[in-house]
Protein chains: 2
Amino acid sequence: MLNFTVGPVMSSEAVLAIGAEQVPYFRTSEFSELMLENEQLIKKFAHSTNDSRVVFLTCSGSGGMEAAVMNTLTKDDKALVINGGSFGERFVELLTLHEIPFTEIKMERGKALKPEHLAPYEDNGYTAFLFQKHETSTGVHYDVKLVSDFCKRNSCFMIVDTISTFLADPFDMAEQDAGVMITGSQKALSCPPGVAVLVLAPSALKRIEKTKCCCQYLDLKLALKNQDRGQTPWTPAVGVLRQINVRLKEIEKNGGATAEIERTGKLAEYFRNKLKEHDLPFEIISESLSNAVTPLHPTTQSAHQIFLKIKDEYGMWICPNGGDMKDTVFRVGHIGYLKESDYDKLIDAFIDLKKKKFI
Amino acid sequence: MLNFTVGPVMSSEAVLAIGAEQVPYFRTSEFSELMLENEQLIKKFAHSTNDSRVVFLTCSGSGGMEAAVMNTLTKDDKALVINGGSFGERFVELLTLHEIPFTEIKMERGKALKPEHLAPYEDNGYTAFLFQKHETSTGVHYDVKLVSDFCKRNSCFMIVDTISTFLADPFDMAEQDAGVMITGSQKALSCPPGVAVLVLAPSALKRIEKTKCCCQYLDLKLALKNQDRGQTPWTPAVGVLRQINVRLKEIEKNGGATAEIERTGKLAEYFRNKLKEHDLPFEIISESLSNAVTPLHPTTQSAHQIFLKIKDEYGMWICPNGGDMKDTVFRVGHIGYLKESDYDKLIDAFIDLKKKKFI
């Protein structure tokens, strides 16, 4: 089945071939080398400083978000957090659970971040800033330069969730001076889910050193100490980590992060142009789009019904929304091993549904 | 390469075939059905009561151990814990980190649990008991009935790590009145690593209801609420969960847990007999063996050197030990997709090393 969701996404043949292999034993120099190579390539693609570090946690992206919060923030911080959808809401929940003092910048759904959203918080003693570079639930791509400049002016430690935008939209961790960058194996890395990836700038490493983590499993001090020699404190998702290795080398061979971002951007553009061309009854609901996904409001039918119909009668997955967006929004992803002709099939299905007056 | 470690282990053809497939989208009724089927089969194989529940966490077995501690114990508990090796030590670390009052029963390596080890703790107000049914690091299979009877007499809530013994040695969760049973995808379930499985008796469910978990990612209240409908709060390791499904059905088809345990027991016996037959310079160091593994002390060569030699020159993995057992102990596992002829190859390699006077 063609998969147009935002994760898990489609994998390349090379990644699937690794999935078909026996998973090797991992307390070996061979696996250590692979992990150190993964670290180098992730750093390169994230444009991190040379003295940044990468850890690979066996958990979901949400586990990675919590690890970032638990290991780098304390009750002495005063955090700002952008909440523009389900994932911003998750940061809010995590800050609440871990008793980090914070102020929430509640964003209207679909709306871009503008200087006036941040202006009230200048010179107010904030020490940390958390946000989604791309709020996956609503498909809004926030202006990272705006946040980065705010953080530089206000000496804020920046935690940026790039889970669905890493390798889909441009990002320069060093230039933006991000402290932590989070992504997951099942987004543009296009591997099976199971691994969260955190890139940690020296500012993060300093904070981790001083913070007592309340959870052993997600303790980044332990993860870092083991990654020194390309290992992990607990048995990791060895299979997925090997798939990540193949995938990173595939991206490198094809021109690196820039080429992959360009490829994804072209796919997004192709799909969006086709939508217009065929005058489909869907409105794009984000005023600041990521290359990773097109969020759509169908004007003539329930979004969830369209998701079910496309799955059950056309054998494809588009990405449903949950909660109170269940009937009003679905999304079409552009990350993963997809090509233009795959979108032709999806567009054909939409045209067919329009012909049958289902939409 | 043949893999005789205790995880990741070898997978069957059917499990590998799933690894070669694209990972499907999972917020669907199809995936929910699969997860509910996984729950039923795990309950059946664990011999849990009907009103027990199962959760699947995307993490290592150690993450599962921590989830059990964090979600079912509080500062009002008084716990007993058996520490007979690395995994007992992990329980001790977790109880310390989470500030659960506890007493440690330190066991000599390789020694079986006997009534006199528990006698001093009778009628002392203990409320919980944590132990490894099989301490994987030293290959000692503790007498679960001894612990279970103690727990019944003393009204102790029992948390049992069965990570490497589930489906390798007999266990009856209901009969032993265990509160929590923990296992992992990469042990006798013979799937890639990435998923911890917890079986929760009603006594555990009651405790979880009343306990505030300090980690959202490992919060069992959220896991249980989602598993009601066959889902997870965060994107799980969908691929591994599908492999677990295939594997559980494979076991069911071949005669269920009993047949799988018998098969593993026969493999262990086959290997141990061959060791004797060829008079290899290895001593079995456990006085209470599990079917899952044979822990060996080589009397003529460093254990780690033998591990490296077998890996680099014979293309097989045996299981090295870490820490201060690095040079004195290696282990040979019997879980996973192995057959007698595989052990013949390993024995041949040992015989060859003996001929070459390496051992």
(request) Tell me which residues come under 5 Å, amide H to amide H, from B:ILE359 once H is placed; ignore anything under 5 positions away on its chain. (result) B:LYS354
(message) Between 0 and 90 degrees, rounded to the nearest ten: what's the tilt of helix A:61-72 against the longest Cα principal axis of chain A?
(response) 30
(request) Could you order A:CYS151, A:CYS214 so the one with the most accessible surface comes first? Probe is 1.4 Å. (result) A:CYS214, A:CYS151
(request) Would you please put B:252-262, B:14-24 in order of how densely packed they are, using the mean number of other Cβ atoms within 10 angstrom per residue and starting with the highest? (result) B:14-24, B:252-262
(request) From zero up to wherever the largest Cα-Cα distance of region A:108-245 sits, split into 5 Å bins and tell me the percent of pairs in each. (result) 2, 9, 17, 19, 19, 16, 10, 5, 2, 0
(message) Given an 8 Å cut-off on Cα distances and at least 6 residues of separation, report the relative contact order of region A:48-121 as a percent.
(response) 28
(message) Under a crude label model (7 Å from the Cα following the beta-carbon direction), how far is A:GLU175 from A:THR328 in nanometres?
(response) 3.6
(request) Between A:LYS212 and B:LYS114, with labels modelled 7 Å along Cα→Cβ, what's the label distance in nm to one decimal, could you check? (result) 4.0
(request) Place a +1 charge on the Cβ of each Lys and Arg in region B:69-157 and a -1 charge on the Cβ of each Asp and Glu, then give the dipole magnitude about the Cα centre in debye, rounded to the nearest 20. (result) 220
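Could you work out the mean count of beta carbons from other protein chains within 10 Å of each residue's beta carbon in B:218-225? Each step should come with its number before you reach the end.
Numbers: counts 6, 1, 0, 0, 0, 0, 0, 0.
So the per-residue partner count for this stretch is 1.
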(request) Using just the helices of the protein assembly as shown, give the 222 nm mean residue ellipticity in deg cm²/dmol: DSSP H runs with n ≥ 4 each add -39,500 (n - 2.57), and the total is spread over all residues, rounded to 500. (result) -13000 deg cm²/dmol
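Where a ≥ b ≥ c are the square roots of the eigenvalues of the C-alpha gyration tensor, would you call region A:1-118 rounded, which needs a/c under 1.5, or, failing that, prolate if a/b is larger than b/c, or oblate? Please list the in-between numbers first.
On the way: a/c = 2.25, a/b = 1.61, b/c = 1.40.
Because a/c hits 1.5 or more and a/b exceeds b/c, region A:1-118 counts as prolate.
Under a point-charge model restricted to the Cβ atoms of Lys and Arg (+1) and Asp and Glu (-1), what is the dipole moment magnitude of region A:287-359 relative to its Cα centre, in debye to the nearest 20? Walk me through the intermediate numbers first.
Values: 10 positive and 10 negative charges, 42 e Å.
Using only the charged Cβ atoms, the result is roughly 200 debye.
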(request) Could you list which residues have their amide H under 5 Å from that of B:GLY184, counting only those 5 or more apart in sequence or on another chain, with H placed in the peptide plane? (result) B:VAL197
(message) Going through the cross-link list B:LYS274/B:LYS309; B:LYS111/B:LYS357; A:LYS43/A:LYS206; A:LYS187/A:LYS311, which pairs have a Cα-Cα distance over 23 Å in this structure?
(response) B:LYS111/B:LYS357
(request) Convert each backbone phi in region A:226-241 into a coupling constant with the Karplus relation 6.51 cos²θ - 1.76 cosθ + 1.60 (shift: θ = phi - 60°), then list the ³J(HN,Hα) values in order as whole Hz, x for Gly and Pro. (result) 6, 5, 3, 10, x, 10, 10, x, 10, 4, x, 6, 3, x, 5, 5
(message) Run the label-point distances for B:GLU262 please: 7 Å along Cα to Cβ, every other copy, nanometres, shortest first.
(response) 6.4
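Restricting to Cα pairs below 8 Å that are 6+ residues apart, what does the relative contact order work out to for region A:209-359? Please round to a whole percent. If you can, show how the numbers build up before the last one.
Numbers: 138 pairs, mean separation 27.7, N = 151.
Computed over region A:209-359, the figure is 18 percent.
How big is the antiparallel share of DSSP beta bridges in the protein assembly as shown, given as a percent to the nearest 5?
Details: 42 of 80 bridges.
For the protein assembly as shown, the DSSP antiparallel bridge percentage is about 50.
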(message) Within region A:284-321, name every residue whose backbone N is under 14 Å away from a label modeled 7 Å from Cα of A:LYS357 along the Cβ vector.
(response) none
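Does region A:52-169 come out rounded, prolate or oblate by the C-alpha gyration tensor, with a ≥ b ≥ c the root eigenvalues, rounded set by a/c under 1.5 and, if not, prolate when a/b is larger than b/c and oblate if not?
Values: a/c = 1.42, a/b = 1.08, b/c = 1.32.
Rounded, since a/c falls under 1.5.
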(message) Under the 0.36 nm per residue contour assumption, what length would be gained going from the current alpha-carbon distance of B:ASN50 and B:ARG229 to full extension?
(response) 62.7 nm
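Keeping every protein chain in place, order A:PHE282, B:PHE131 by accessible area at 1.4 Å, biggest value first, i.e. largest first. Please report the intermediate quantities before stating the final value.
On the way: A:PHE282 25, B:PHE131 0 Å².
Accessible-area ranking of A:PHE282, B:PHE131, largest first: A:PHE282, B:PHE131.
Could you give the size of the charge dipole of the protein assembly as shown about its Cα centre, using +1 on the Cβ of each K and R and -1 on the Cβ of each D and E, expressed in debye and rounded to the nearest 20? Please report the intermediate quantities before stating the final value.
On the way: 84 positive and 94 negative charges, 44 e Å.
The calculation lands at about 200 debye.
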(request) Within region B:1-31, which residues have the backbone N less than 20 Å from the label spot 7 Å out from B:TYR270 along Cα→beta-carbon, could you tell me? (result) B:1-7, B:9-15
(message) I'd like the accessible area for A:SER32, computed on protein heavy atoms only with a 1.4 Å probe and all protein chains in place. Round to 10 Å², please.
(response) 20
(message) Within 10 Å of each Cβ in B:1-9, how many Cβ atoms from other chains are there, averaged over the peptide?
(response) 4
(request) Whole Å is fine, so just give me how far the alpha carbon centre of region B:259-330 lies from that of region B:114-175. (result) 25
(message) Order B:HIS98, B:HIS334, B:HIS278 by their accessible area, 1.4 angstrom probe, all chains in place, largest first.
(response) B:HIS278, B:HIS98, B:HIS334
(request) In nm to one decimal, list the spacings between the B:PRO115 label point and its equivalents in the other copies, with label points set 7 Å along Cα to Cβ, shortest first. (result) 8.2
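Can you give me the relative contact order of chain B as a percent, contacts being Cα pairs under 8 Å and 6 or more apart?
Working: 702 pairs, mean separation 88.4, N = 359.
Once normalised by length, the contact order is 25 percent.
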(message) Taking the Cα centroid of region A:1-60 and of region B:43-90, what is the distance between the two, rounded to the nearest whole Å?
(response) 29
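Taking the Cβ of A:LEU289 as the center, what net charge do the other residues with Cβ under 12 Å away carry, scoring Lys and Arg +1 and Asp and Glu -1? Please report the intermediate quantities before stating the final value.
Numbers: positive: A:ARG272, A:ARG331; negative: A:GLU135, A:ASP169, A:GLU269, A:GLU287.
Summing Lys and Arg as +1 and Asp and Glu as -1 gives -2.
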(request) Write down the radius of gyration of the protein assembly as shown and its Dmax, each obtained from C-alpha positions, in Å. (result) 26.0, 81
(request) For B:ASN3, list long-range residues whose amide hydrogen, built 1.01 Å from N in the peptide plane, is under 5 Å from its own amide hydrogen. (result) B:TRP317
(request) Measure nothing but the geometry: give the 0 to 90° angle between the long axis through the Cα atoms of B:256-277 and the longest principal axis through the Cα atoms of chain B, rounded to 10°. (result) 30
(message) Looking at chain A as a GNM with Cα springs under 10 Å, which of A:TYR337, A:TYR25, A:TYR142 has the largest mean-square fluctuation?
(response) A:TYR25
(message) Just to be sure I understand the model, the point goes 7 Å from the Cα along the line to the Cβ. What's the resulting B:ASP279 to A:LEU222 distance in nm?
(response) 4.6
(request) Please build a GNM for chain B, connecting alpha carbons under 10 Å apart, and tell me which residue among B:GLU66, B:GLU99, B:GLU277 fluctuates the most. (result) B:GLU277
(request) Please give the average number of partner chain Cβ atoms lying within 10 Å of the Cβ of each residue in A:130-143, rounded to a whole number. (result) 0
(message) Can you work out the Karplus-derived ³J(HN,Hα) for every residue in region A:92-104? Use 6.51 cos²θ - 1.76 cosθ + 1.60 with θ = phi - 60°, whole Hz, and x for glycine or proline.
(response) 4, 4, 5, 5, 5, 4, 8, 6, 8, x, 8, 10, 9
(request) Tell me the distances, shortest first, between A:GLY322 and the same position across the other copies, using label points 7 Å along Cα→Cβ, in nm to one decimal. (result) 3.3
(request) For region A:166-171, take each phi angle, set θ = phi - 60°, evaluate the Karplus expression 6.51 cos²θ - 1.76 cosθ + 1.60, and give the result in whole Hz per residue in order, putting x for glycine and proline. (result) 4, 6, 10, 10, x, 7
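Checking the a/c ratio against 1.5 first, then a/b against b/c, what shape does the Cα gyration tensor give for region B:202-293?
Numbers: a/c = 2.97, a/b = 2.04, b/c = 1.46.
Prolate, since a/c reaches 1.5 and a/b exceeds b/c.
The values are calculated or read from the model by the stated rules, or taken from the named source; none is laboratory data. Given the structure is predicted, the values throughout are model-derived calculations rather than measurements. Neighbour counts run over all protein chains shown; Cβ positions are idealised from the backbone, glycine included. Note: accessible area is taken over every heavy atom of the protein model, side chains too, but ligands, DNA and RNA are not part of it. Shrake-Rupley method; radii C 1.70, N 1.55, O 1.52, S 1.80 Å.
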